[in-house]
Every structure is written in structure tokens, then in C-alpha cells.
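The block underneath contains the structure these notes are about, expressed in C-alpha cells.
The values are calculated or read from the model by the stated rules, or taken from the named source; none is laboratory data. Note that the coordinates shown come from a computational prediction; the quantities given were computed from them, not determined experimentally. Cβ atoms come from the backbone with ideal geometry, glycine included; neighbour counts cover every protein chain shown.
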Amino acid sequence: MGDGVTTAAPALTQIPRAPGIAFILKKALISALVALVLFSLMIGIRTEAGPTGQLIYWTRFGDLAAMVAAVFGGSIIVELLRQWWGPVGTIRIIPPRLQSTLAVARRGIAPVLLIFTFLVPVIFYDQRYILDLGILVLTYVMLGWGLNVVVGLAGLLDLGYVAFYAVGAYSYALLATNFGLSFWVCLPLAGILAAFWGMMLGFPVLRLRGDYLAIVTLAFGEIIRLVIINWQSLTGGPNGVSGIPRPTFFGIPLVPGPDGLAAKLGIEFSPTHRIVFLFYLILGLALLTNWVTIRLRRLPIGRAWEALREDEVACRALGINITTTKLTAFATGAMFGGFAGAFFATRQGFISPESFTFQESALVLAIVVLGGMGSQLGVALAALTMIGGFELFRGLEQYRMLVFGVAMVLLMIWRPRGLIGHRAPTVFLRHSQAISSDLVKEGHG
Amino acid sequence: MDYFAQQLINGIVLGSIYGLIAIGYTMVYGIVGMINFAHGDIFMIGGFIALISFLILVSIGLTVVPVILLIVLLVSMAITALYGWTVERIAYRPLRHSFRLAPMLSAIGMSFVLSNYSQVAQGARVKPVPPIITGGYTLLEQNGFVVRLSNVQIIVVVTTIVLLAIFTWLVARTRLGRDMRACEQDQTMAALLGVDVDRTISMTFVIGAALAAVAGMMYLLYYGLVDFYMGFVAGIKAFTAAVLGGIGSLPGAMLGGLAIGLIETLWSAYFSVEYKDVAAFSILIIVLIFLPTGLLGRPEVEKV
């Protein structure tokens, strides 16, 4: 059956000038047929372990028919849309006036977003849900900016970023519960430990590139997670660490009572204070990440990262030390991951290995790539879209990851370079320099 | 010694399953140059389809085990191959000439889609089946320890060898195999010489998925269960196997699969079961440090 479909494939790729109804129907019919075979057993039949442990099954032909019909209809709609939109790759000319408006909007969006973020706890003071969501989004913005150093700037594909998040979270959790160290002492320690692990990962992968690097980082992330699960005496294994202390306002706890911050300031205590404090804490950490990244980009090391991303061989030929460049990228990215992890631990009060699966790494990577690989604003917008979108589907618990996967595929097809394509190096020659012909033997240089 | 022999047998069986999955990775990587992250989930789908078709065949009253196995094998190969084709058509072909990361992320997305699709369609709980093939041979009996070779193990290894023979013949002797090797070397040139590149790539995914379906069915026979999450770990290990053997090399994939299967089994037998995955991944990292091209891979010369 694969054959009949395969031979039809070339016809699908070469879209004739004005495909008629017959063509669209034929294509939709083929799609529906493929869907029928694909879903026949997986959806048409449902298996479940019966009361005696023996597997039983029942049929769901109604669902199957609905799915096939949906594919048929969807295929017609997609084909009509494609005709209406025209062939892919057509350059659409935007009127100059609209273009300049867009440029202004683009420049204005970052400050507006920043001011709005600062005002979120003021506007939504009573809405705990929005504040929690804001904290979650900002955590992913911070993770995205951290990973952006590794993937977006240095071009090193890291699929195990969640390992550093985990290292940071466990560093704070274990140091605080075992030694009673405060959050503000542990935060730098968590960053340093995560950076150290970043170097640990960096050394073996110095010689690898591209996909090999991706798979090794993925394996590294899994190793860290498996060790956390199995080293029960230290990490509590699958049960995780609980009773992690809440952060204090530079030593003053946010609790009711005479010692609390509320009493010292002379205002009435409210549990929302802690949420607002956490909000500004993660906002500060995220902005620190952003600021450090922007500053680093202007330093020689940042330029070396961008050179490395563009071309490793050329970069080496120019005398850039690849070892330090890669290791600093890994360490810097990991450090921010560690900060975010420590914040995550103090916010949750409880951590377990379940929070640090490959899905998290994929989510953060998706945020970075969707954000346009290297664009700080793009990453922030992508985090907002992804996490916000995730929340929209919270009601459909079991369909959430399915929708996430579909969205990831569709976004890649629609905009492979991310929402804001931005990969231009920070420095480049502003004018192309013409070299006079007597300097070059063959004419123009 | 007998303990070791038993573990060796177990390791080879597990390695055959990994090897079958690894071939799919290595073929796709060789031709398209991307890691097909969804391949592990294709393997999982293959296991599910084998399970469901097995249930149906048993319930309509078929009792001859070889006939059941043959039908289940063919059905799961055919449907899973179509899954492989569809995944390539939807998620990878539009990104063929896009920048390097795009197909990889699309593949990660596809992997989520497939595993959650089967979770939604078939439920999250593990599906056990009673042992389908029973019996076996006692090879050695010494000091009360028995080295056994079960019929399932024989079937897994024999099927793997037969499929490998067919597959090697396919790649080495047929028109399709020649097209595939041509596309692996240079897609543009192959297209200029009249090779239908799109079709060849599609067929690569179809064959890889069919082999993964066989691996899924073997997994079902050997372990007697499937669940929606099994594709992820098996997929990473099979990819490790492909890298270990030298990515792009078909005998390498099989060799790497055997190596990973043996390492995992022996590590669980002599050290600790909990850290068997850590051992497999550590081997991957160590191999890539000292032997970046794998056991049978060709060194790649990079130019500016």
C-alpha cells in the first residue's frame, strides 16, 4: 500500500498553475486513505488490561470515521489555503509606509514589554493565578536567555540544558536543607556548581560538532537525571527533596509575626507579598541574564562566540582559541541555568527528578529556536507564546503534549528561522570596501 | 562462566533489537544528514500495532502460532512503514533545504506527537501480553546453574539475521539500493542523473520504519509488554548504537547495536541494574571522545 501512495508523491510536489477541483479532491482522497490505514488499528481498536490482567479490546469505528473525515476535510482546506496564498517563496512587497510603522513598532516593543512586566504585580495584585503564570513565564525567559548563549550565540546545539537547571535546583535544595545556608548564599554557589558542570560537559565535547554534540548533551542530561534518581542517600531518589526553605528578603523572612518583613515595614501581612517578591526576584535574575549577555556580546569573547557559530574552521584559522571559547559558552549558559534552578527550588519548596526530563530541555530549546536563535527579544516573546499557549491547553491535560508537538512541527515548517529571524553578527563592516584593480591581479576583489 | 554465557545470550538478543532500530537512524543520517528523533517512537508504534493485530488474530480464533506471527509481522511492518512515510512527508520534506536545526526540532516535535498520540489513543498504562512463544533448550547445566536458550531468543536472532541479509541485498544489488547510495554521496548529482531523490528518501524512511516495526514486534515477543514511553529510551540507545558503529555505516549499526546490548546486559549482571543506562550513555561519550567517527565510520574532512 505504501507504493501506491509513494508514486503519487511527485505529483503533489509540483503544483500545477491552477489545480482544479478534481486535483484537490484526489489529493484529499489519498490523504484520507493514508489516514484510514494509519489510524485503523491505533484508533479503531482500543486495548486495555481487563479485570483479570488479560488484555481486552473494543472497537471505536465512530472515532476512526471522524478522524478520517477530519483529515479529508482538513486536506481540502489546506489545499485551498495554499492556492489562495500562492506558491511558497513568493516575495511579498510591504508598502514602505507600513514598513516604517513596523520598524517603529519593533523598536518600541521591548521597552513597552519591560514596563508592562514591571507593572504586572501592581495591576494583577489580587490575581494569584496571573502572578504565578508570570513567574513561570519569566523562569522560561531566563532559561531561554541562558541557553541562548550556548545555542544562539556560540551555535553549540545543547539538548541537555535541563541538567544544569537540575544541578542548580539540587545544589540549593541540598545546601539549604543540610547546612541551613540561606538563598542568597546558595544562589551564587548554585551558579558556580552549574558552571562547573557546564565545563565538565564541555571538555569531552570539544571536538564534536553538530548532531554528535546534540546527542552527547542529550545523553549527559539523561545521565544527570538517572544519577539523581538512583543516588537515593543524597538526593532522596524519586521522592525528591522537600521542605526547601523559602527565600528571604535579604535575611528578613516573609512570614507573619513580629520578625517578618510585613511587621518591620508596618504593613499588614499578606501571602501575596511572597509571590510578588518571587516575581521581582525572577524578573531581576532574568534581566541580569539579559544584561550580562548583551554586555558579553560586545566583549572579545562574545565576538568569538559569534565567529564560532558562523564557521568553526575559519574561526580557528583566525587564531581564536576554540577550547576557551566553547568552555566559556557552556559555563556561562550553565551558570544561568543554575540560577534559574535555584530559583525554581525555592519557589516550589519541593523538587523531584520528574521536573528535569528531556521534555524541559526540548521546550527551552524550542523557545530559543522559535525566538530566532540569538535574538533576546525573540526569546522573551517565544517564551511568552509557548508557556501561555501551554496554559491555554491546561484543561485538555492529556492532549497538551500532543498539541505542543504539533505546534512545534507546524512552527518549524512555517518559520524555520524563528519568529524573529536574527542571526546577523553584532559587528560587521558597514561599507563594502572596493579594492582597486592594481592591488588584485584578476580585477575586482 | 555459565552465568557469563547466559548474559552473553541475553545481550545478543537485546543487541539485535537495538541494531534493527539503529539501522533506521544510520540510513536516514547517511542520506538526509539529520537525526530522526521520531524513529524511537516509530519503533514504539510498531510494537503497538503488533500487539493490537495479535489480539485481533487471537480473538478471531486463529491458533497456529507461525501463521499468527507471520501475519502480525507483515501487518505491523506495512502500517508502521506508512507511519514512517507520513512523518517524512509532513515534518521533514518541507524542511529539506532549510537551515540545519529546523528538521531536528521538527523531529523532536514529531516524537512528542507520536508518543502522546499513542498515549491518547491507547491509554497510558503498560500493556502486557501473555508469553506467545514458550519453550527453549538447555544448553549447559553446571553446579545447579542452567544456561537456557529460549525459542523467543532464537526467533529474535534468526529474524534479525534474515532481515539483515535481505536488507544488505537490497542496498547492494537493487536499483533502489543504488539510488540510495547515490543520494548519500551527492543529492544534486544523483538528481541530475535521473534519480528521483524525493522518492528515494521516502523509501529510506519506509524501510527504516519497517525494520523498526520488526524491532517493536521482537520487543513485544521478548519482554511481553509495550507502553507509550518505551520509544524514547530505546531510541536514544539505538542512536548511541548507530554512533558507536559509525553513523552512516550499515554493518556498523548492527555492530554498535550488539555492543550496546552486551554492555547493558553485562553491566546489569555484574554491577548495578539502576545504572545500566548511565553505562550505555557514558560509553557513547567515551567513544565519541576517542573515536569520533565510530567503529566503522569514515573520517569526515571539514572545509570552510
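At a glance:
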read-out	value
Qualifying residue in region B:29-41 (condition: polar (S, T, N, Q) and within 14 Å of chain A (Cβ to nearest Cβ))	yes
Selection from region A:170-220 of residues that are farther than 16 Å from A:Val150 by Cα and of a type in the set (S, T, N, Q)	A:Ser171, A:Thr177, A:Asn178, A:Ser182
Only listed residue being surrounded by fewer than 21 Cβ atoms within 10 Å (Cβ to Cβ), on the phi < 0 side of the Ramachandran plot and within 11 Å of chain B (Cβ to nearest Cβ), chosen from A:Val255, A:Val227	A:Val227
Those helices (runs of 4 or more DSSP H) lying entirely in region B:187-297 with at least 2 residues closer than 23 Å to B:Gln153 by Cα and charged (D, E, K, R)	B:276-290
Residues of region A:230-276 that turn out to be part of a helix (DSSP H, G or I), within 22 Å of A:Tyr170 (Cβ to Cβ) and either not assigned by TED's automatic domain parsing to the domain that holds A:Gln348 or not β-branched (Val, Ile, Thr) (or both), as a count	7
Matching residues, region A:70-88, being among the β-branched types (Val, Ile, Thr) and touching a residue at least 40 places away in the same chain (Cβ under 8 Å)	A:Val71, A:Ile76
The listed residue being out of contact with any helix residue (DSSP H, G or I) (no Cβ under 8 Å at 6 or more places or on another chain) and either outside any loop (DSSP other than H, G, I, E, B) or in contact (Cβ under 8 Å) with a residue 12 or more places away in the chain (or both), out of B:Leu51, B:Leu82, B:Leu74, B:Leu14	B:Leu74
Hits in region B:32-45 - residues which are surrounded by 24 or more Cβ atoms within 10 Å (Cβ to Cβ) and either closer than 11 Å to B:Ala238 by Cβ or not aromatic (Phe, Trp, Tyr) (or both)	B:Ile35, B:Asn36, B:Ala38, B:His39, B:Gly40, B:Asp41, B:Ile42, B:Phe43, B:Met44, B:Ile45
Matching residues, region A:181-208, being closer than 22 Å to B:Val278 by Cα and assigned to a loop (DSSP other than H, G, I, E, B)	A:Phe203, A:Pro204, A:Val205, A:Leu206, A:Arg207, A:Leu208
Selection from region B:71-87 of residues that are of a type in the set (Gly, Ala, Ser) and more than 7 Å from chain A (Cβ to nearest Cβ)	B:Ser76, B:Gly84
Which listed residue, of A:Ile229, A:Ile252, A:Ile244, A:Ile275, is among the hydrophobic types (A, V, I, L, M, F, W, C), in contact with a helix residue (DSSP H, G or I) (Cβ under 8 Å, 6 or more places away or on another chain) and farther than 21 Å from A:Cys186 by Cα	A:Ile229
Selection status of A:Phe358, away from chain B (no Cβ under 14 Å) and of a type in the set (Phe, Trp, Tyr)	no
Exclusive hit being more than 10 Å from every other protein chain (Cβ to nearest Cβ), closer than 21 Å to B:His39 by Cβ and among the small types (Gly, Ala, Ser), set B:Ala259, B:Ala269, B:Ala242	B:Ala259
Members of region B:119-128 found to be more than 17 Å from A:Leu41 (Cα to Cα) and at the interface with chain A (Cβ under 7 Å from one of its Cβ atoms), listed by number	B:Arg125, B:Pro128
Every residue from region A:230-252 that is within 20 Å of A:Ala166 (Cβ to Cβ) and surrounded by 17 or more Cβ atoms within 10 Å (Cβ to Cβ)	A:Asn230, A:Thr235, A:Gly236, A:Gly240, A:Val241, A:Ile244, A:Pro245, A:Pro247
Some residue of region A:385-398 being at the interface with chain B (Cβ under 10 Å from one of its Cβ atoms), assigned to a helix (DSSP H, G or I), free of Cβ contacts under 8 Å to residues at least 60 places away in the same chain and farther than 16 Å from B:Met110 by Cβ	yes
Search result, residues across region A:302-327 that are farther than 13 Å from A:Gly155 by Cα and either among the hydroxyl-bearing types (Ser, Thr, Tyr) or not assigned by TED's automatic domain parsing to the domain that holds A:Ser361 (or both)	A:Thr323, A:Thr324
Test: residue in region A:104-115 that is within 14 Å of another protein chain (Cβ to nearest Cβ) and out of contact with any Ser or Thr (no Cβ under 9 Å at 6 or more places or on another chain)	no
A:Pro121 being of a type outside the set (S, T, N, Q), part of a helix (DSSP H, G or I) and free of Cβ contacts under 8 Å to residues at least 60 places away in the same chain	no
In region A:52-71, residue modelled with the lowest pLDDT [restricted to those that are among the β-branched types (Val, Ile, Thr) and in a strand (DSSP E or B)]	A:Ile56
Neighbours by Cβ (under 7 Å, 6+ apart or cross-chain): first from region A:48-69, away from chain B (no Cβ under 11 Å); second of a type in the set (Phe, Trp, Tyr)	A:Val68/A:Phe39
A:Ala35 vs. criteria small (Gly, Ala, Ser) and buried (at least 16 other Cβ atoms within 10 Å of the Cβ)	yes
Of residues in region B:88-118 being more than 7 Å from every other protein chain (Cβ to nearest Cβ) and polar (S, T, N, Q), the one surrounded by the most Cβ atoms within 10 Å (Cβ to Cβ)	B:Ser111
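Let's see how each residue does on (1) within 12 Å of another protein chain (Cβ to nearest Cβ); (2) out of contact with any Pro (no Cβ under 6 Å at 6 or more places or on another chain); (3) crowded, with 24+ Cβ neighbours inside 10 Å; (4) among the polar types (S, T, N, Q):
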residue: B:Met218; (1), (2), (3), (4): no, yes, yes, no
residue: B:Pro251; (1), (2), (3), (4): no, yes, no, no
residue: B:Thr265; (1), (2), (3), (4): no, yes, no, yes
residue: B:Ala280; (1), (2), (3), (4): yes, yes, yes, no
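Residue-wise test of (1) surrounded by fewer than 23 Cβ atoms within 10 Å (Cβ to Cβ); (2) in contact (Cβ under 8 Å) with a residue 60 or more places away in the chain.
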| residue | (1), (2) |
| --- | --- |
| A:Phe116 | yes, no |
| A:Gly144 | no, yes |
| A:Gly168 | no, yes |
| A:Phe179 | yes, no |
| A:Trp184 | yes, yes |
| A:Trp197 | no, yes |
| A:Leu213 | yes, no |
